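**Q** My questions will all concern the structure given below.
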Amino acid sequence: MINWGILGCGRIARKFASDLKLVEDARLVAAGARSRESVEDFAKEFPVMYKHDSYEALAANAHVDVIYIATPHSHHYEHTLLCIEHGKAVLCEKAFAMNKKQAQQMIDAARTKNVFLMEAFWTKFLPPYNKVKEMINEGMIGEIKTVLVNFGFAPSASAPLRLLEPALGGGSLLDIGVYTVFLALNILGKPDEIEATMTPAPSGVDEQCAITFQYNNGAIAQLFSSFACNLATEADIAGSKGRIKLSSRFHTPSAGIEFYPGATDNKQIISVPVENGFGYQYEARHVCECLEKNLKESPVITHADTVLLMETLDEIRNKAGIHYPVDEQ
């Protein structure tokens, strides 16, 4: 059994903990929060053997093999380094870091300590996404010409303040736009040119962000993220022989796959079986497999993949004028 700890006891930590029960060789044994009240509340829903009211105590727990970091992305850097320093394997939520500099330092630390580190980009392990990649690799839509991706919602009054707080990496790009960028990179690769613009929130971070990737082979990706309005949250991938549409929350297990062959509008629905749960069990299962093989890096989400994503996000922010205090450090 692989013994897991969870650092941070918020909403996404609860979803991950729930799905960890579906992983055959995984066991949640510890949780850590900033307060005793928070970890006790978490443990009422997910009983754990060890309840820590500090992240340091969780990282130092000798009974924990790997730690899932579920804090806001503004804290991923320090929390990942803390766990690595204690020799723990780490699965860190996205956005992996605030910028490429932090991401590279996190990866370097893991290599120095010879411990496993992976970015928790769950989409890459989900059955609908893998089916789309399979369809593309089999040439079902030919040479990719365009990728169009939208992700947006209007936050409710009860939404966390971090969404628009510069010190916490707020703004649509790092919170939800990261999914659109990830998808384009995984389908088309590193762009040759990037254009980006944003609509600032009163705090200065991006309330909306529009991005264009251009490629020397003629392909174009257009990506849009928004905290100003509700968008369809769909992905359209068009090629010389047809089109694939990931509808209804393209980044999740619930994504529906529509296939439009040739130049027709005849829609084929591609059904992909998914397990019960929220969908985090797929990446957790992969991490367990990596640890059982004594790997220090995932072959699915490599360190190079993570660096490319953060490097691309940095360039987008530079072009759009999105700045954070950490960039000056």
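**Q** Got a sec? Which of SER271, SER254, SER298 is in contact with a Ser or Thr (Cβ under 9 Å, 6 or more places away or on another chain) and either modelled with pLDDT under 95 or not hydrophobic (A, V, I, L, M, F, W, C) (or both)?
**A** It is SER254.
The rows are residues; the columns are (1) under 18 Å from the mean Cα position of the chain (by Cα); (2) touching a residue at least 12 places away in the same chain (Cβ under 8 Å); (3) open to solvent by less than 40 Å² (accessible area, probe 1.4 Å).
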position	(1), (2), (3)
ILE237	no, yes, yes
SER248	yes, yes, no
THR252	yes, yes, yes
TYR260	no, yes, yes
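**Q** Of the residues MET135, MET118, which single one is of a type in the set (A, V, I, L, M), under 18 Å from the mean Cα position of the chain (by Cα) and open to solvent by less than 40 Å² (accessible area, probe 1.4 Å)?
**A** Only one candidate passes the filter, namely MET118.
**Q** Could you list, in sequence order, the residues of segment 13-54 that are of a type in the set (Gly, Ala, Ser), assigned to a loop (DSSP other than H, G, I, E, B), touching a residue at least 24 places away in the same chain (Cβ under 8 Å) and more than 15 Å from ILE67 (Cα to Cα)?
**A** Correct list: empty.
Residue-by-condition table, conditions (1) on the phi < 0 side of the Ramachandran plot; (2) open to solvent by less than 40 Å² (accessible area, probe 1.4 Å); (3) among the aliphatic types (A, V, I, L, M):
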{"site": "SER35", "(1), (2), (3)": "yes, no, no"}
{"site": "ALA43", "(1), (2), (3)": "yes, yes, yes"}
{"site": "ASP53", "(1), (2), (3)": "yes, no, no"}
{"site": "SER74", "(1), (2), (3)": "yes, yes, no"}
{"site": "HIS79", "(1), (2), (3)": "yes, yes, no"}
{"site": "ALA95", "(1), (2), (3)": "yes, yes, yes"}
{"site": "ASN99", "(1), (2), (3)": "yes, yes, no"}
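**Q** What residue, among those in segment 163-207 that are outside any helix (DSSP H, G or I) and among the β-branched types (Val, Ile, Thr), is surrounded by the most Cβ atoms within 10 Å (Cβ to Cβ)?
**A** Result: VAL205.
Yes/no matrix, rows are residues, columns are (1) assigned to a helix (DSSP H, G or I); (2) not charged (D, E, K, R):
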{"residue": "SER74", "(1), (2)": "yes, yes"}
{"residue": "VAL90", "(1), (2)": "no, yes"}
{"residue": "LYS101", "(1), (2)": "yes, no"}
{"residue": "GLN104", "(1), (2)": "yes, yes"}
{"residue": "ASP108", "(1), (2)": "yes, no"}
{"residue": "ARG111", "(1), (2)": "yes, no"}
{"residue": "VAL115", "(1), (2)": "no, yes"}
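**Q** Select from segment 126-150 the residues that are in a helix (DSSP H, G or I) and polar (S, T, N, Q) and write down the one among them that is nearest to TYR179 (Cα to Cα).
**A** Residue satisfying both the conditions and the ranking: ASN130.
**Q** So, one more: Taking the condition of being surrounded by 21 or more Cβ atoms within 10 Å (Cβ to Cβ) and more than 12 Å from the chain's Cα centre (by Cα), how many residues in segment 83-93 meet it?
**A** Residues flagged as surrounded by 21 or more Cβ atoms within 10 Å (Cβ to Cβ) and more than 12 Å from the chain's Cα centre (by Cα) within segment 83-93 amount to 5.
**Q** Another question, then. Using beta carbons and a limit of 8 Å, which pairs, at least six apart or on different chains, have the first residue in segment 283-295 and aliphatic (A, V, I, L, M) and the second one in a helix (DSSP H, G or I) and open to solvent by less than 60 Å² (accessible area, probe 1.4 Å)?
**A** Listed by first residue and then by second, the contacts come to ALA284/PHE16; ALA284/ASP19; ALA284/LEU20.
The values are calculated or read from the model by the stated rules, or taken from the named source; none is laboratory data. What you are looking at is a predicted structure, and each value in this text was computed from that prediction instead of being measured. No Cβ is skipped: glycine too gets one built from the backbone with ideal geometry, and neighbour counts run over all protein chains shown. Note: areas computed on protein heavy atoms with side chains; ligands, DNA, RNA excluded. Shrake-Rupley method; radii C 1.70, N 1.55, O 1.52, S 1.80 Å.
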